[in-house]
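Here is the structure we will look at.
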Amino acid sequence: MQYWLDIVGSFLIGGLILLILVNLNLSMNTSAAENLNTNISQGNLVSTTYVIEHDIYKIGYRITGEKITVADSTELKFYTDIDNNGTKDSIHYYLGNTSEMFLTFNPKDRLLYRIMNNETASSSNIVVDFNLTFHDSLGAVINYASLKNASSRQKVKTITVSLFVEPAEPIDGIYQGAEWKKNLIAKNL
């Protein structure tokens, strides 16, 4: 009888150890997937912000007259000589609709479009949020309603860009995102 209790006890202890190991393995897999999604989000964010920063710093380069033609919370259109060839280029950023991203699991995914010289979008990145805030030379926020006319757009000296990205698929129902926010001062405004 004593042997039977020892055998049953060892099976119970062995089963508990096995359950602990399986739980540890599942936790490690979830953690690895979260890290992978975070790294992918951060990589997408870095590549997107690099292009945005470069473009905004170049607003008005070699341009006389109106430099910014559209300025809104999710849209910016401006002129510059982006490729330094003496030709006036237009660059247009705007945020697409969530309905365009029906193939991803994330319901908040949108495309951030970058259109150069009214051609088809040469760059579109998946983001969750893209927001622009415009400031005058004193740092005061210029409201969007006044940015409808050209004279108010000429007062823009600093643009605050806020960008948020998330992966297309959640891990345990959570989207591991990355956020970037920066005040950008265009040298030619």
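Taken together, the values in this text are just the output of simple stated rules run on the coordinates, not laboratory data. Keep in mind that what you see is a predicted model, and the values were worked out from it rather than measured. Ideal geometry is used to build each Cβ from the backbone, glycine not excepted, and the neighbour counts take in all protein chains shown.
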Q | Assigned charges on the beta-carbon of Lys, Arg, Asp, Glu; the chain dipole about Cα centre (debye) | A | 960 debye
(Q) In Å, what Kirkwood hydrodynamic radius results for segment 3-185 from the alpha-carbon pair distances? (A) 19.4 Å
(Q) Name the residue from 105, 92, 44 whose Cα lies farthest towards the positive end of the charge dipole of segment 3-185, charges +1 on Cβ of Lys and Arg and -1 on Cβ of Asp and Glu. (A) 92
Q.
For the chain, take the longest principal axis of its alpha carbons; what is the angle in degrees between that and the long axis of helix 2-57, to the nearest 10 within 0 to 90?
A. 10 degrees
Q) What are the GluC sites (Glu not before Pro) within segment 74-140 that DSSP puts in a loop, where the Cβ has at most 13 other Cβ atoms within 10 Å? A) 119
**Q.** Cα-Cα over 23 Å, subset of 67/157; 88/181; 58/182; 67/108; 58/157; 108/157
**A.** 88/181; 67/108; 108/157
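Quick one: length gained pulling residue 13 to residue 120 fully straight, 0.36 nm per residue minus the C-alpha distance?
Result: 32.0 nm gained on full extension.
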Q) By count of other Cβ within 10 Å, fewest leading, how are 182, 187 ordered? A) 187, 182
**Q.** Sites residue 28 and residue 187, calculated FRET efficiency, Cβ-Cβ separation with R0 41 Å, nearest 0.05
**A.** 0.25
